[in-house]
Amino acid sequence: MKQQYRDFAITLAKQAGAIMRQNFTLGMKREWKGDGTPLTATDTTINQLVLEAVKKEYPEHGVIAEEGNNYNEQAYVWVCDPIDGTIQFSHGLPNFTFCLALVRDGVSLLGVIYDPMLDRMMVAERGQGAFLNGQPAHVSKSTWTDRLLMTREGLRHTTKYDLDEVMRTLAARKITMLQLYGSGYGGMLVALGELDGLISTGHDPWDYAAVKVIVEEAGGKVTDLFGHDPRWDKPVQGTLASNGILHDEILSVLNLKA
Ligand code: IPD
Ligand code: CA
Ligand code: CA
């Protein structure tokens, strides 16, 4: 992987973060999209920044981003969520991230997740480890005998996978389950060993492509909710990110049928 891809992704994350910090305010204007999630002018501005930057630097690459694509089945695709956690961003809660991954032929090779409010820059390249602001990041070493802290991420997509029974089973096993909105934030905390796992029920690749490489390079495991390793530039069937030790057991609790 070219060093220049990494630098490009970090530069974009810093630019996006500066825009988010500047625009983060109370009483923000927002619209509601057809899928029931909010949209602000900042989401659109950052999406446009990414589209233009890729077009300029890597015109042969595609972009799949939440607020607008430039994608024609290219082998290299930048998969981006300009703001993951717009609900928090637009309601005065300072936990949202910029997420960007470089995916080649469906494989997530490079990921950046940036929390602009705490200036936490998480970067990973396949085979090179994961780093928070330049320092190595590692998933937890928790096993089932420990008290576990996981996050169940998802705002509105609970109809396809009914996880209520799963949540009761996990609670009975003394797992504390946080409800976060934003797989970028949750995935970053899994990679840092602060959370032991993330269960998310969405389908959009921009929510997970960066989490995939970052958590795995921090020593963990990331699959869909069925235990498969799908393409990360196409719709996915939810995502499970864990410290790896817990992964198969969580999958067996999930026990989802296709
Ligand atoms: C949303 C959050 C939310 C999830 C939605 C996502 P956004 O991201 O991750 O938790 O349930 O599916 O769209 O809209 O803030 O990028
Ligand atoms: Ca978004
Ligand atoms: Ca998102």
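The values are calculated or read from the model by the stated rules, or taken from the named source; none is laboratory data. Treat the numbers as computed from the prediction; the structure is a model and nothing was measured. Cβ: placed from backbone, ideal geometry, glycine included. Neighbour counts: every protein chain shown. Surface accessibility is based on the protein's heavy atoms, side chains included, excluding ligands, DNA and RNA. Shrake-Rupley method; radii C 1.70, N 1.55, O 1.52, S 1.80 Å.
Computed on the chain, with alpha-carbon pairs under 8 angstrom and 6+ residues apart, the relative contact order is 17 percent.
Is any residue of the stretch 214-244 close enough, with backbone N under 17 Å, to a label point placed 7 angstrom from the Cα of L149 along the Cα-Cβ axis, and if so, which? Zone members listed by number: 242-243.
Of the solvent-accessible surface of the stretch 103-258, computed with a 1.4 Å probe over protein heavy atoms with every protein chain present, carbon and sulfur atoms account for 50 percent. Just the number, please: percent antiparallel of the DSSP beta bridges in the chain, rounded to the nearest 5. Taking every DSSP beta bridge within the chain, about 70 percent pair in antiparallel fashion. Excluding ligands, DNA and RNA, the accessible surface per residue across the stretch 157-258 is 38 Å² with a 1.4 Å probe. Charged neighbours of E249, selected by a Cβ distance under 13 Å, balance to -1 (K, R count +1; D, E count -1).
On a per residue basis, the stretch 16-156 carries 46 Å² of accessible surface, using protein heavy atoms and a 1.4 Å probe.
When the Gaussian network model of the chain links Cα atoms closer than 10 Å, the mean-square fluctuations of R21, R152, R104 top out at R21.
For Y71, the amide hydrogen comes within under 5 Å of the amide hydrogens of V63, counting only partners 5 or more places away or on other chains and with H modelled in the peptide plane.
In the Gaussian network model of the chain, springs joining C-alpha atoms below 10 Å, which of S200, S108, S142 carries the largest mean-square fluctuation? Ranking S200, S108, S142 by mean-square fluctuation puts S142 first.
Here the label points at L26 and A75, each 7 Å from Cα along the C-beta direction, are separated by 5.3 nm in the simple model. Each label point was placed 7 Å from the Cα along the Cα-to-Cβ direction; for K33 and R104 their separation is 2.9 nm.
Listed cross-link partners K141/K174; K2/K33; K14/K234 are compared with a 28 Å cut-off, the Cα-Cα value being larger for K2/K33.
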